[in-house]
1. Please specify each residue of the range 56-66 satisfying the condition of being surrounded by fewer than 19 Cβ atoms within 10 Å (Cβ to Cβ) and small (Gly, Ala, Ser).
2. Please find, within the range 220-243, the residue that is nearest to Asn170 (Cα to Cα) out of those that are touching a residue at least 60 places away in the same chain (Cβ under 8 Å) and surrounded by fewer than 23 Cβ atoms within 10 Å (Cβ to Cβ).
3. Looking only at the range 156-169, how many residues end up being touching a residue at least 24 places away in the same chain (Cβ under 8 Å) and more than 12 Å from the ligand (Cβ to nearest atom)?
4. Of the conditions (1) farther than 27 Å from Phe277 by Cβ; (2) in a strand (DSSP E or B); (3) not hydrophobic (A, V, I, L, M, F, W, C), Asp25 clears all except one; give me its number.
5. Could you grab the pairs with beta carbons closer than 6 Å, sequence gap of 6+ or different chains, first residue in the range 177-191 and closer than 15 Å to Glu65 by Cα, second one modelled with pLDDT of 95 or more and hydroxyl-bearing (Ser, Thr, Tyr)?
6. Which residue, of Thr110, Thr33, is more than 16 Å from the ligand (Cβ to nearest atom), closer than 21 Å to Leu130 by Cβ and among the polar types (S, T, N, Q)?
7. Considering only the range 115-140, how many residues are exposed (fewer than 15 other Cβ atoms within 10 Å of the Cβ), touching a strand residue (DSSP E or B) at 6+ places or on another chain (Cβ under 9 Å) and not small (Gly, Ala, Ser)?
8. Output the residues belonging to the range 296-331 that are touching a Pro at 6+ places or on another chain (Cβ under 8 Å) and among the small types (Gly, Ala, Ser).
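The values are calculated or read from the model by the stated rules, or taken from the named source; none is laboratory data. This is a predicted model, so every value here is computed, not measured. Neighbour counts are summed over all protein chains in view; Cβ atoms, including those assigned to glycine, are modelled from backbone coordinates with ideal geometry.
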Amino acid sequence: MTIPALPESSRSAGMTTPLIERFRDRLPVTERTPVVSLGEGSTPLLRADRLADAAGIRELWLKWEASNPTGSYKDRGMTVAVSKALESGAEAVICASTGNTAASAAAYATRAGLPAVVLTPRGAVSGAKLAQTRMLGATVLEIRGDFDEALAAAQELGSRGSHVLVNSLNPDRRAGQTTAVFEIVEELGAAPDALVLPYGGGGNTSSYAQALEALGLDLPIVSVEAAERRTTMATAIRIGDPVHAGSVRDSGALVVSATDEELVAAWRRLAAEEGLFCEPSSAAGLVALLRGDVEGDRVVVTITGHGLKDPASADRYAPAPVVVEPDPDAIVALSQRESARRAP
Ligand code: F0G
């Protein structure tokens with residue numbers, strides 16, 4: 001038996017079709033663009049009936065972006081931004097980040113053979129994200145300042161021409177991020193009644209709006225920001241001054257806010273009731289849905305990043321483990337007590 005050779009497009013990421021190949025006709029790439037891929041995109045769209053019941057809607061679908069290679073939706077944009085940077089002869093990439101863009105930039109730059117410089121607000125990023133980024137070979141510089149100041153510095157270096165900026169101000173990043181909506185519409189076979197997602201800097205909301213425009217669809221986007229933008233425990237979206245605020249406004253997205261208490265409650269429910277462990281910011285969309293802010297009977301909520309991105313928060317909020325002797329009767333008694341305690 002002979003095994004047929006894999007098509008060129010599959011080789012760059014094992015058997016997985018790279019996002020750039022799946023959506024080549026809708027992305028700013030040509031045959032000359034080197035495809036830098038880690039097997040991103042094509043993420044699961046999962047039905048969630050328990051939370052749909054809780055929200056009083058017929059169908060809830062969760063776009064599980066945590067299954068991207070670095071654990072967040074950032075990889076969709078990063079494959080395009082880094083491929084284009086490589087094509088343009090870039091010598092290095094730079095970004096400011098609350099952690100996920102950092103890890104994604106580090107991974108794709110390494111894949112491309114380019115150095116990456118990452119600026120993070122000191123003391124305000126999950127240690128797991130920093131460790132991931134450091135492992136992936138980026139130079140991590142902790143800024144004495146907040147995310148907005150880090151972004152201003154990254155933009156300035158980007159404009160000097162020495163580094164390509166791979167934040168979502170880069171249009172190639174945003175183009176890559178449109179593909180989540182293409183997948184949702186393709187897989188549902190029709191447009192849902194609404195798309196719901198977290199709102200930090202607003203790059204993803206802008207990308208979703210851009211995708212709907214490209215598809216000629218007019219449906220509501222609900223973007224959920226932290227009520228306490230500058231101090232929220234959901235550090236991924238701890239951004240005081242969203243750089244895409246103007247385009248979010250122009251897109252017509254409905255912007256609502258979620259308190260930390262609401263974020264934590266929705267985040268824990270998603271894990272305990274649907275088996276999906278995301279990071280706290282990623283549950284922002286669910287807050288709006290469960291509160292009744294979203295109109296429609298068939299709703300897609302995007303879950304943007306994995307729970308293992310922020311294990312310290314999980315450790316703080318999840319029920320503590322219970323210590324027991326290796327005695328079967330004691331184990332039965334304790335496990336019955338514990339599951340009764342956890343019953344909804
Ligand atoms: N969800 C996660 C998991 C994020 O990491 C971010 C932003 C957002 C939602 C918000 O998306 O900024 O496009 O509105 N993270 C950026 C970062 C700021 O540096 O990783 P947005």
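1. Passing the criteria: only Gly56.
2. Val243
3. Final tally of qualifying residues: 6.
4. (2)
5. Partner pairs satisfying both residue conditions: Gln177/Ser207; Thr178/Ser207; Val181/Tyr208.
6. Details: Thr33 fails: closer than 21 Å to Leu130 by Cβ.
None of the other options fit; the residue is Thr110.
7. 2
8. Those that are touching a Pro at 6+ places or on another chain (Cβ under 8 Å) and among the small types (Gly, Ala, Ser): Gly296, Ser313.
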